[in-house]
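This report refers to the structure that appears directly beneath it.
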Amino acid sequence: MFVLTPEPIEIDPIRRAVQRPEAGAVLVFEGITRNHHEGREVMRLEYEAYPGMAEAEMAKIGEQVRQKWPGSRVAMAHRIGVVPIGEASVVIVTSAPHRDEAYAASRFAIDALKMAVPIWKKEVYQDGSVWKNNAESMDAPGF
Amino acid sequence: MQVTVHYFAVLRERAGCSEAVVDIAPSMTVGGLYEHVFPTGPQGVLPVMFAVNHEYVQSAHPLNDGDEVAFIPPLGGG
């Protein structure tokens with residue numbers, strides 16, 4: 001399951017997508033919108049995505065996870081539109097036979113998402129707004 | 001020859017639209033199209049990646065009639 005949604009992200013369907021009898025570890029990662037950035041108060045965040053390509057790039061990450069950690073799976077959802085402070089902008093659930101692979105796959109998946117999935121974030125402050133650049137994105141081979 | 005160009009985030013705001021159909025010369029590359037659309041570069045040099053038909057490509061990638069092009073500014077997902 002690799003989806004974009006304008007609604008609050010529900011974790012259960014994502015977890016169900018990767019739960020398997022042979023998976024002894026299931027790990028949920030939630031990325032939460034923060035109320036501050038470099039000392040400035042953030043009023044809200046707005047995400048936009050390239051529909052179609054974003055899901056396809058997430059699915060590629062899913063395929064890489066399967067190859068790197070045999071028996072593991074990942075599913076993810078990213079929220080788009082306005083996301084109030086304190087809510088999940090992204091949820092990544094990994095499953096694996098053992099916890100080491102589940103943790104490694106989770107870390108890999110969020111880093112890869114930040115580098116390659118076409119999604120953008122605008123931070124809105126009291127006195128302006130900024131499109132934020134992921135450091136991982138700036139290291140991507142294309143830049 | 002025509003391609004559809006998608007603009008996102010900072011580039012969408014600078015272009016003033018999210019999507020446009022652009023007439024191009026037959027031998028144009030995706031990087032050439034970017035320079036064509038933003039002649040001086042938007043506010044100087046903005047690092048950008050390119051996608052054609054939902055796949056990342058290099059700037060030298062040649063365009064075909066009907067391609068769906070996207071200029072991908074630095075990402076902010078997560």
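The values are calculated or read from the model by the stated rules, or taken from the named source; none is laboratory data. Please read these numbers as outputs of a predicted model, since none were measured by experiment. Every residue, glycine as well, gets a Cβ built from its backbone with ideal geometry; the counts of neighbours run over all protein chains shown.
Away from chain A (no Cβ under 14 Å) and not hydroxyl-bearing (Ser, Thr, Tyr): which single residue out of B:52, B:3 fits that description? Step through it out loud before you land on a result.
On the way: B:52 fails: away from chain A (no Cβ under 14 Å).
Result of the check over B:52, B:3: B:3.
Take residues that are closer than 23 Å to residue A:123 by Cα, of a type outside the set (Val, Ile, Thr) and under 15 Å from the mean Cα position of the chain (by Cα) and tell me which of the strands (runs of 3 or more DSSP E) falling wholly in segment A:29-91 contain 2 or more.
A:40-49, A:73-79
Is it the case that segment A:121-135 has a residue that's facing chain B (nearest Cβ under 9 Å), in a strand (DSSP E or B) and crowded, with 23+ Cβ neighbours inside 10 Å?
Scanning segment A:121-135, I find no residue that is facing chain B (nearest Cβ under 9 Å), in a strand (DSSP E or B) and crowded, with 23+ Cβ neighbours inside 10 Å, so the answer is no.
If residue B:8 meets every condition in (1) farther than 21 Å from residue A:139 by Cβ; (2) out of contact with any helix residue (DSSP H, G or I) (no Cβ under 6 Å at 6 or more places or on another chain); (3) in contact (Cβ under 8 Å) with a residue 24 or more places away in the chain apart from one, which number is that one?
(1)
Starting from residues that are of a type in the set (S, T, N, Q) and more than 21 Å from residue A:115 (Cα to Cα), keep the ones in segment B:22-78 and report whichever is modelled with the lowest pLDDT.
B:43
Identify, please: which residue in segment A:72-120 is more than 10 Å from chain B (Cβ to nearest Cβ) and hydroxyl-bearing (Ser, Thr, Tyr) and is, among those, farthest from residue A:34 (Cα to Cα)?
Per the stated criteria, the residue is A:72.
Working only within segment B:60-76, note down all residues that are in contact with a Leu (Cβ under 6 Å, 6 or more places away or on another chain) and assigned to a loop (DSSP other than H, G, I, E, B).
If the condition is that a residue be in contact with a Leu (Cβ under 6 Å, 6 or more places away or on another chain) and assigned to a loop (DSSP other than H, G, I, E, B), then B:73 is the only one that fits.
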